[in-house]
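Structure first, then comments.
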Amino acid sequence: MTRTAKFLSLLTLLMIFTGKIYAQHKITHLSATELVEKLYKGDKRASVVQYWIPNCATAESQVQQFKIWQETYGNQIDFYFIGITNKDSLVLNLIDKTNYTYPLYIIDATVDANLNQRMQTFSMQLNQLLKRKPQSFITLYWNNKKQAIQLDRKATINGKKLTKLLQG
């Protein structure tokens, strides 16, 4: 094999490898309707929805915590960690820094053009689709069997609520 052929073979392998790695870093833009469909069609016992801000000072530690929750409960609970941002690059950078391999979501910009209002609008749409009174939240716990919801205004997942969710 000539040097050129070896070089081209290595280059091709590198491109394939890079493409596969990039494909793992897919970010899904999500509307409230799409999330409700995922909640109702979920094949796991429960789901957790949590908002987060990718450019806040604690974003890297949040993603590390998301990773722990996924590794601990991912076979029983669907997690929807939903970023409030216009910049996919912020999320991609955090994925790279933390070696995060699970799905991450961003509220679709069509929900509300105003980034500051997007989470509120998304929450109101979600509550309406779930036939609930309008309430704001940061974390939502969903029991698939009972189709019951528990809301929380805290930006951390409560282990006791997860245990209760799985028991219920």
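The values are calculated or read from the model by the stated rules, or taken from the named source; none is laboratory data. Values in this document were obtained by computation on a predicted structure and should not be read as measured data. Note that each Cβ is placed from the backbone with ideal geometry, even for glycine, and that neighbours are counted across all protein chains shown. Surface accessibility is based on the protein's heavy atoms, side chains included, excluding ligands, DNA and RNA. Shrake-Rupley method; radii C 1.70, N 1.55, O 1.52, S 1.80 Å.
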From the list Leu162, Leu126, Leu140, which one is closer than 21 Å to Gly74 by Cα, in contact with a helix residue (DSSP H, G or I) (Cβ under 9 Å, 6 or more places away or on another chain) and part of a helix (DSSP H, G or I)? Leu162
Which residue out of Asn144, Asn99, Asn127 is closer than 24 Å to Thr58 by Cβ, within 19 Å of the chain's Cα centre (by Cα) and of a type outside the set (Val, Ile, Thr)? Asn99
Residue count for segment 37-69, restricted to those that are part of a helix (DSSP H, G or I) and open to solvent by less than 20 Å² (accessible area, probe 1.4 Å): 4
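Of the residues that sit in segment 143-159 and are assigned to a loop (DSSP other than H, G, I, E, B) and of a type in the set (A, V, I, L, M), which one is nearest to Tyr51 (Cα to Cα)?
Across segment 143-159, the extreme among qualifying residues is Ala155.
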Kindly provide the set of residues from segment 120-168 that are open to solvent by 30 Å² or more (accessible area, probe 1.4 Å) and charged (D, E, K, R), ordered by number. Lys131, Arg132, Lys133, Lys145, Lys146, Arg153, Lys154, Lys160, Lys161, Lys164
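Inspect segment 111-121 for any residue being at positive phi and either outside any loop (DSSP other than H, G, I, E, B) or not small (Gly, Ala, Ser) (or both) and give the result as yes or no.
Of the residues in segment 111-121, the ones at positive phi are none.
No, there is no match, as no residue in segment 111-121 is at positive phi and either outside any loop (DSSP other than H, G, I, E, B) or not small (Gly, Ala, Ser) (or both).
Taking only segment 71-101 into account, find how many residues are assigned to a helix (DSSP H, G or I) and either of a type in the set (Ser, Thr, Tyr) or open to solvent by 20 Å² or more (accessible area, probe 1.4 Å) (or both).
11
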Please go through (1) of a type outside the set (Phe, Trp, Tyr); (2) surrounded by 15 or more Cβ atoms within 10 Å (Cβ to Cβ); (3) under 25 Å from Gly159 (Cβ atoms); (4) in contact (Cβ under 8 Å) with a residue 60 or more places away in the chain for Ala32 and return the number of the only condition it doesn't satisfy. (3)
